[in-house]
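The values are calculated or read from the model by the stated rules, or taken from the named source; none is laboratory data. Keep in mind it's a predicted model, so treat the numbers as computed, not measured. We place every Cβ from the backbone using ideal geometry, glycine too, and count neighbours over all the protein chains shown. Heavy atoms of the whole protein, side chains included, go into the accessibility calculation; ligands, DNA and RNA do not. Shrake-Rupley method; radii C 1.70, N 1.55, O 1.52, S 1.80 Å.
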Amino acid sequence: MTGLAVTVLLGVLVDVSSGMMSIQLIPQNPVIGGSVTLSVTGNTGTIRSFFWYKGSEMYFPCHILSYSPHKETPLTTGPMYNHRLTAFPNGSLLISNLTSTDQGHYVVKADLEEMVDEAFILLHVYDVSPDSGNVKKQAGCSVGSIVGTVLVVVFLLIVAGFLVYYTYKTRNQDNGPSVDTSIQLPNNENAQNTTMNSLQSNINLLQRNN
């Protein structure tokens, strides 16, 4: 009898550990303000009920909700439940209007007709989707803008340095020894005296010759 019980127990353990249930994110890279479905796939039997937990452990404080599709009131909420969460009969969970607080580990436990299965997933919530072409373009533009700005600043510094040097050199030339280029004209009185003396000399010379 003991051997039979051990055999049955081992059979149950094998069934539980060999489950193929998994969780897929739709979309793969959810963003803040968007929605994501934690889609449960691979369950091999009819779901009696399933349980969702926020965190890596299946404790009551981490309990989000329980869902029993065949009950009149299928949904039972837990401490981690909020109005942005929607459960589907296949075990999937929809999170709408995502915030950064939604990211983290999630666990789903499914009570099937022939076994109990579990699946885990780590949810990341992004500001902008990392697989967006626009994001890559914006990142490239940002780098290009930085490089362009640096080049413009360097060019302006060079121009400013040249202007400072040119201004300094020009001022030094202006402040150097001045050269008197003006023509010294003779004084009018001296010129008249010189002319009269020359005329008197000529008259005297003529008188002597006569």
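Quick notes on this one:
- For the range 34-121: rounded, prolate or oblate by the Cα gyration tensor [a/c cutoff 1.5]: prolate
- In this simple spin-label model, placing a label point 7 Å from the Cα along the Cα-to-Cβ direction at both ASP127 and HIS83 gives a separation of 2.9 nm.
- Accessible-area order (highest first, 1.4 angstrom probe) of the listed residues SER100, SER22, SER49: SER100, SER22, SER49
- Summing charges over neighbours of LEU123, with a neighbour being any other residue whose Cβ is under 10 Å away from its Cβ, gives 0 when K and R count +1 and D and E count -1.
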